[in-house]
Amino acid sequence: MSWQGELNRFLASAYKNWIISRRNIFTVFELFFWPMISLLSIGLLTRFLAVEGSMVSFLLVGAIALTILQVAQIDVAYVLLFDMWSKSIKNTFIAPVRSYHLVFGALLFGILRGSVVFFILVAVSGQLFGFDFLAGGIFPVLAFLAGIFAMAATIGITVCISILTFGQKADVAAWSLSGLILLVSGIYYPVDVLPPLLQALARAIPLTYFLEYYRSVFIPGPHHLVWGAALASFYLTLGLILLDLAIERARRTGILLRLSE
């Protein structure tokens, strides 16, 4: 198989999301409206509570991370969500593509959209709240974004597996999983304030480590970036294996046909 053929398979998945998204007016809300609402609400809260310095950085980093995560993970989930909603999911698996083509192709589009959101939020947070996202240099930013996108891919894969396992009832996972991440990964507060059981869960989530790493630029403290990267790689690999198994099971049980016309 030529590398051009492989590349086309990845790009086909990204192009599919692009075609569907550009026809959907709500894409504008995902890129501009909701990200701005999230950032402004947290930023203005820091003004109201007279929070200054490092704590402003702590909260704004969390708000930006959560917004990018939500945008990128929904793009991966859209690989099957759009097909499920249009009753055409079997057509996706007739094409000569593998699960990793679908996931990483959609993630490519998610990275593009997430990057647009990132630059918008960074510009706005700098102008309105004096937050310099590049204060620590370019590498911490790139590592931070890589961690967010890896986590987004993992969540998107989980949504796809849920769809192939439980059918249409599973689409709620596309929006609820990021809420769980919000609760336990230290988006708006340190994980140390959580009960011991939730702290253990937080330490199993890669995003926790990437948040701690990037926040250490503004608030010096311990971090374990390598452990976060190892967890992210493990979950991505495991997710792709489980997605392949879910696809084969869906073929055997007829779920693919029930989700299609």
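Run through every distinct alpha carbon pair of the stretch 89-226 and return the Kirkwood hydrodynamic radius in angstroms, one decimal place. All intermediate terms of the calculation are to be shown ahead of the outcome.
Working: mean 1/r = 0.0588 Å⁻¹.
Taking the inverse mean of 1/r over all distinct Cα pairs, the stretch 89-226 comes out at 17.0 Å.
Would you mind ranking I241, I111 so that the residue whose beta carbon has the fewest other beta carbons within 10 Å leads the list?
Details: I241 11, I111 23.
Fewest-to-most Cβ neighbours within 10 Å comes out as I241, I111.
In bins 5 Å wide, starting from 0, what share of all Cα pairs of the stretch 192-261 does each bin hold, as a percent?
3, 15, 14, 16, 13, 9, 9, 9, 7, 4, 2, 0
If you average the alpha carbon positions of the stretch 145-162 and of the stretch 195-261, how far apart do those two centres end up, in angstrom?
So the two Cα centres are separated by 6 Å.
Round to the nearest 0.05 the FRET efficiency obtained for E248 and N91 when R0 = 25 Å and r is the Cβ-Cβ distance.
Numbers: r = 18 Å, r/R0 = 0.70.
That pair, E248 with N91, gives E of 0.90.
Averaged over every viewing direction, what's the projected area of the C-alpha convex hull for the stretch 79-170? Give it in nm², one decimal, please. The partial results should precede the final answer.
On the way: hull surface 30.2 nm².
Spelled out: convex hull of the Cα atoms, projected over all directions, averaged, 7.6 nm².
Most fluctuating residue of A14, A135, A250 in a GNM of the chain with Cα springs under 10 Å: which is it?
The residue that fluctuates most here is A135.
For the pair L44 and R98, how long in nm is the line joining their label points, each one 7 Å along Cα→Cβ?
4.9
With a cut-off of 8 Å between alpha carbons and a minimum separation of six or more residues, what is the relative contact order of the chain in percent? Please report the intermediate quantities before stating the final value.
Details: 311 pairs, mean separation 67.0, N = 261.
The value is 26 percent.
Students often forget the sequence filter, so: which aspartates and glutamates lie under 15 Å Cα-Cα from K90 once same-chain residues fewer than 8 apart are removed?
The reachable aspartates and glutamates, counting only those whose Cα sits under 15 Å from K90, are D244, E248, E261.
Once the Cα atoms of helix 99-129 and of the chain are each reduced to a long axis, what angle between those two axes, in degrees from 0 to 90 to the nearest 10, is obtained?
It is inclined by approximately 20 degrees.
What number do you get for the stretch 3-258 when its Cα radius of gyration is normalised by 2.2 N^0.38 Å, N = residues? The partial results should precede the final answer.
Details: Rg = 18.7 Å, N = 256, 2.2 N^0.38 = 18.1 Å.
Computed over Cα atoms of the stretch 3-258, the ratio equals 1.03.
Sorting S21, S54, S185 on the 10 Å Cβ count, fewest up front, what's the list? The partial results should precede the final answer.
Numbers: S21 18, S54 12, S185 27.
Ordered from fewest to most neighbouring Cβ atoms within 10 Å, S21, S54, S185 come out as S54, S21, S185.
Most exposed first by the Cβ proxy, i.e. fewest other Cβ within 10 Å, how do S57, S115 rank?
Numbers: S57 22, S115 15.
Ranking S57, S115 by Cβ neighbours within 10 Å, fewest first, gives S115, S57.
Read-outs: derived from the displayed coordinates by stated rules, not from any lab. It should be emphasised that the depicted structure is a prediction, and the values quoted were computed from it without experimental measurement. Reconstructed Cβ throughout: ideal geometry from the backbone, glycine too, with neighbour counts over all protein chains shown.
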